[in-house]
Amino acid sequence: MVKHNNVLPNLHFHKKYCASSRGPLKVKLTLNQAGKKKSRRLARAKKAAAIAPAPLQKLRPIVHCQTQKYSAKTRLGKGFTLEELKAAGLSAKYARSVGIAVDFRRTNKSNESLELNVARLNAYKANLVILKKGDDASALTQLKGIIQPIDSSKPEIEMSDVTDEMKAFKAFTTIRVARKETKVAGFRQSVKDRKEKK
């Protein structure tokens, strides 16, 4: 027997991958992985050629990741909300027809995210070229990759000289005093109210 509080080894080395008294074991092999990869690539190329010069991917909104741990990070979401489309002057039906992804389930929780995505839609509208039936599209090139990718460039760090005022500032003492002030603020207010009543 193994020592210490470990997981019991259960390594399944005696499985028979053929017909048994319980019938054949269902073992799924992925020997077609390379073939499937090629099939997907060819299907993407075929679709891109069919819808050219329209881009293969759709415009997607910038959303914040879920949970408190990742909420500071942003990523591309499923689709724009109906509120965002309305603010940009688009209907959901028309937006879908010009390559904008729509998500009727998502709602806007803050004004900042709403304004950001409306600006994103307006920028897309400004660059949008709509062709009518019979128009010549040979001069236009098809956009490949993500439409309006998120700018992940970080701003440069600004260096500044340490002044005497900065050195004299006592950060911990200031925080401690401020914490104490908020703790006794209610008591001081009640004392003040009692004095005013008298």
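The values are calculated or read from the model by the stated rules, or taken from the named source; none is laboratory data. Keep in mind that this is a model prediction, so the values were computed, not measured. With ideal geometry, Cβ positions are generated from the backbone for all residues, glycine too; neighbour counts draw on all protein chains shown. Only protein heavy atoms, including side chains, enter the accessible area calculation; ligands, DNA and RNA are left aside. Shrake-Rupley method; radii C 1.70, N 1.55, O 1.52, S 1.80 Å.
Worth a mention:
- Think of a 1.4 Å ball rolled over the protein heavy atoms: the chain then has 91 Å² of accessible area per residue.
- Prolate/oblate/rounded call for region 62-132, Cα gyration tensor, a/c under 1.5 rounded: prolate
- Residues of type lysines that LYS192 reaches as a straight line, Cα spacing below 27 Å, ignoring anything fewer than 8 places off in the same chain: LYS180, LYS183
- Here LYS170 is the anchor, and the aspartates and glutamates within straight C-alpha reach of less than 20 Å, apart from those fewer than 8 places off in the same chain, are ASP161, GLU181.
- Taking a ≥ b ≥ c as the square roots of the eigenvalues of the Cα gyration tensor, an a/c ratio of 1.5 or more together with a/b no larger than b/c marks the chain as oblate.
- Cα long-axis angle, helix 171-197 against the chain (0 to 90 degrees, to the nearest 10): 60
- Taking region 86-161 as the region of interest, the number of lysine pairs whose Cα atoms are within less than 25 Å, with members eight or more places apart or on different chains, is 14.
- Carbon/sulfur fraction of accessible area - region 62-198, other protein chains in place, 1.4 Å, %: 56
- In plain terms, the chain from ALA49 to SER138 could stretch by 30.8 nm, reckoned as 0.36 nm per residue minus the Cα-Cα distance.
- Take the Cα of SER71, step 7 Å toward its Cβ, do the same at GLU83, and the gap between the two points is 1.6 nm.
- The modelled label-to-label distance between SER91 and LYS170, using points 7 Å beyond Cα along the C-beta direction, is 6.8 nm.
- Fully extended contour minus Cα-Cα distance, from VAL177 to SER39, at 0.36 nm per residue: 43.0 nm
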